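Have a look at the structure below before the remarks.
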Amino acid sequence: MLDSSATTEVQAALDTFGAALERGDIAAATACFQDDCYWRDLVTFTWNIHTSEGKDQIAAMLGAQLAATQPSNWRIADGETASEDGGISTAWITFETAVARGYGLIRLKDGLIWTLLTTMVELKGHEEPKGFARPLGAKHGADKHRPTWKEEREAEARDLGYTTQPYVVIIGGGQGGIALGARLRQLGVPAIIVEKNEKPGDSWRNRYKSLCLHDPVWYDHLPYIKFPENWPVFAPKDKVGDWLEMYTKVMELNYWSRTTCKSAKYDEVTKEWTVVVDRDGQEVVLRPKQLVLATGMSAKPNLPSYKGMETFRGDQHHSSQHPGPDAYRGKRAVVIGSNNSAHDICAALWENDVDVTMVQRSSTHIVRSEPLMEYGLGALYSEQAVRSGMTTEKADLIFASLPYKILHEFQIPIYDKIKEVDAEFYAGLEKAGFWLDWGADGSGLFMKYLRRGSGYYIDVGASQLIIDGKIKLAHGNVAEVVPDGVVLEDGTHLPADVIVYATGYGSMNGWAADLIGKDVADKVGKCWGLGSDTPKDPGPWVGEQRNMWKPTKQEALWFHGGNLHQSRHYSQFLSLQLKARMEGIDTPVYGIPETYHLG
């Protein structure tokens, strides 16, 4: 609840904390925190995406960064009041640094800081042109031979990459590249988005026929232009593709479709990339200062190499190349895998009269869409949240304010509740022989996503088909592919006319190896995961998503990706890092972790 005494408590804590920082007293500043404390910084202090865990790490970070950061003016944000719940006082805050304005969220326990989120909103002197600074658009007055807006855009499209060079090249024109391109456009950073497909949105249109978003509309907005109020809760892939195409045009992005990146090399002396692309059959050499790989988490297919694949008489392909069920009516399909794509494809095949078998090689976390929306997302991303005054921006920051080190503690009760309310559903799956899991520590879908980006299915109907035996289920690893099907390690023979390998995707690091070189890819290391020492997320703990949206071990190389929510949220912080470098602002980076694992 809102509480004036909580507001007084939080402002007093901010005053004490801010005064200690301004006089450079790191011991006094650190004393403002609980022993069990977390400070997550999105760019403002660290020029990184970094979480300091505990007083010692906070003191070390301040020792390295405080003098250059010069923070000041810590206060509860205008129009906001602190709240108190269960002994925790929470408030939205604002502050400044020497070069930026910040916004954040603070939580106090017993008058001391438990969690602190600090995020960069804008660079001083380089604010986005909005509000009172909105562009006029029309050119009032009269000048001879002045160009129209359309002519200026045509000239920019004609010259950029040829007579003038972009500051940033973004490889990959899906939602990640488009969201980042929009942010950079508003910040005045010249950028080109390179995309192999025919037009924006094709990365969605080209996926399997039945694909729809499994995340709800409130979670999926792009920067600046939100989906309309009558947009479907779960949009079909082609509708998403159309939106991305429209968005790319109205946000005035320099989007090079039908363009493939052939190679990229960084010159440590000139601090410049040489990026060779094939643009619709013409070789073009681009020389940006910064290179962003926005190739997506689902763009480097893991295609297995099973004995005998070359002998198979039917169709076989990775799920990313699956054309849909129409050609297989009346035939037999084997789908290798048991995560989101496998379930969607199996359900669509069954609906189109295909005899389909799913091969489950390891356990999968299943959660039905309805309870996930109610218990997992409802407080932040739902119609009820919107009507209660929750904005997309605040929802993003609340989610970001929970440090990854303790996020699972907040997730476990959610999935315990879902397990309880859907007990009959899960009993049915287990009776059908489906191998279920709830994550390594019972923390469910979001932690699996953050740790490994795989191993789950948001159920929108396929699970009931498994329960009812309409989607057949087999277990184990593939021993070999034979001319008429698949043989598992236990000797089970599964006859097939088509085999779909729903076997997931590799690390984005693989694109760095392909385009730049294995030496650079190895220097950067694995992308994604937290170092949680859980399956497919090996330790040691690094505390943030590896290499995502922040500086890497390779100067001027960045990775941007994730779902629509992450593309929206983290594009803000990546764009500000790039803008600062373009403007020559000093960006002393703190806390780039060591590379422990290759891609």
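Ordering His560, His50, Ile414 by Cα displacement along the dipole of the chain toward the positive end leaves His560 in first place; charges were set at the Cβ atoms of Lys, Arg (+1) and Asp, Glu (-1).
Remark: the Glu127-Ile88 segment gains 10.6 nm on full extension, using 0.36 nm per residue and subtracting the alpha carbon distance. Accessible surface for the chain, divided over its residues, is 42 Å² per residue with a 1.4 Å probe.
For the stretch 378-474, list log₁₀ I(q)/I(0) at each q in 0.15, 0.24 Å⁻¹, using the Debye formula over Cα point scatterers of equal strength and ignoring solvent, two decimals each. Ignoring solvent entirely, the Cα scatterers give -0.76, -1.28. With both labels modelled 7 Å from their Cα along Cα-to-Cβ, the Phe227 to Lys417 distance reads 2.3 nm. On a per residue basis, the convex hull of the C-alpha atoms belonging to the stretch 205-251 measures out at 74 Å³. With axes computed from alpha carbons, what is the tilt in degrees of helix 392-401 against the longest principal axis of the chain, rounded to the nearest 10 within 0 to 90? So the inclination is approximately 90 degrees.
Of the residues Val276, Thr119, His221, the one whose Cα sits farthest towards the positive end of the charge dipole of the chain is Val276 (charges of +1 on Lys and Arg Cβ, -1 on Asp and Glu Cβ, taken about the Cα centre). Only one residue of Val482, Val520, Tyr456 has its Cα farthest out toward the positive end of the dipole of the stretch 411-526, where Lys and Arg carry +1 and Asp and Glu -1 on Cβ, and that residue is Val520. For the chain, the longest principal axis of the Cα atoms and the long axis of helix 237-250 meet at an angle of about 30 degrees. Taking the accessible area of the chain, probe 1.4 Å, and keeping the other protein chains in place, the carbon and sulfur fraction comes to 50%. Kirkwood analysis of the chain, using all unique Cα-Cα pairs, places the hydrodynamic radius at 25.9 Å.
So what's the angle, to the nearest 10 degrees on a 0 to 90 scale, between helix 404-421 and the longest Cα principal axis of the chain? So the helix axis and the longest Cα principal axis differ by about 50 degrees.
A simple spin-label model places the labels of Lys553 and Arg158 4.6 nm from each other, with each point 7 Å out along Cα-to-Cβ. The value of relative contact order for the chain, using C-alpha pairs under 8 Å at least six residues apart, is 16 percent.
The residues neighbouring Tyr570, those whose beta-carbon lies less than 15 Å from its own, together hold a net charge of +1 under the Lys/Arg +1, Asp/Glu -1 convention. Taking every C-alpha pair closer than 8 Å and separated by at least 6 residues, the mean separation divided by the residue count of the stretch 372-503 gives a relative contact order of 14 percent. Within the chain, what's the longest stretch lacking trypsin sites (Lys or Arg not before Pro) that sit in DSSP loops with no more than 12 other Cβ atoms inside 10 Å? Result for the longest clean stretch: 330-599. For the set Lys419/Lys550; Lys196/Lys265; Lys199/Lys518, the pairs lying more than 28 angstrom apart at their alpha carbons are Lys419/Lys550; Lys199/Lys518. Restrict the search to the stretch 376-485; then list the chymotrypsin sites (Phe, Trp or Tyr not before Pro) that DSSP places in a loop and that have at most 16 other Cβ atoms within 10 Å of their Cβ. Hits after loop and neighbour filter: Trp435.
Between the beta carbons of Asp490 and Thr260, assuming R0 = 41 Å, the FRET efficiency works out to 0.45 to the nearest 0.05. Magnitude of the charge dipole for the stretch 330-390, about its Cα centre and with charges confined to Cβ atoms of Lys, Arg (+1) and Asp, Glu (-1), is about 220 debye. With N as its number of residues, the stretch 420-484 has a Cα radius of gyration that, divided by 2.2 N^0.38 Å, comes to 1.33. Working note: Debye formula, equal point scatterers on the alpha-carbon atoms of the stretch 183-303, no solvent; log10 I(q)/I(0) at q = 0.10, 0.21 Å⁻¹ is -0.39, -1.33.
In the chain, helices alone account for a calculated mean residue ellipticity at 222 nm of -9000 deg cm²/dmol, with every DSSP H run of four or more residues adding -39,500 (n - 2.57). Potential lengthening of the chain between Gln70 and His145 amounts to 22.2 nm, from the contour at 0.36 nm per residue minus the alpha-carbon distance.
The charge dipole of the stretch 464-599, taken about its Cα centre with unit charges on the Cβ of Lys, Arg, Asp and Glu (plus for the first two, minus for the last two), comes to roughly 560 debye. The distance linking the stretch 244-313 with the stretch 563-583 is 19 Å (Cα centroid to Cα centroid, whole angstrom). Using R0 = 41 Å, the C-beta based FRET efficiency linking Asp78 and Ile592 works out to 0.75. Over all other residues within a Cβ to Cβ distance under 15 Å of Ser382, the charged ones net out to -4, with Lys and Arg as +1 and Asp and Glu as -1. Roughly what % of DSSP beta bridges within the chain run antiparallel, to the nearest 5? Roughly 55 percent of the beta bridges in the chain run antiparallel, per DSSP. When only the Cβ of Lys, Arg, Asp and Glu is charged (+1, +1, -1, -1), the dipole of the stretch 114-210 relative to its Cα centre reaches about 300 debye.
The values are calculated or read from the model by the stated rules, or taken from the named source; none is laboratory data. Remember, predicted model here, so these are calculated numbers, not experimental data. All Cβ positions, glycine included, derive from the backbone under ideal geometry; neighbour counts span all protein chains shown. All accessible areas refer to the heavy atoms of the entire protein, side chains included, with ligands and DNA or RNA removed. Shrake-Rupley method; radii C 1.70, N 1.55, O 1.52, S 1.80 Å.
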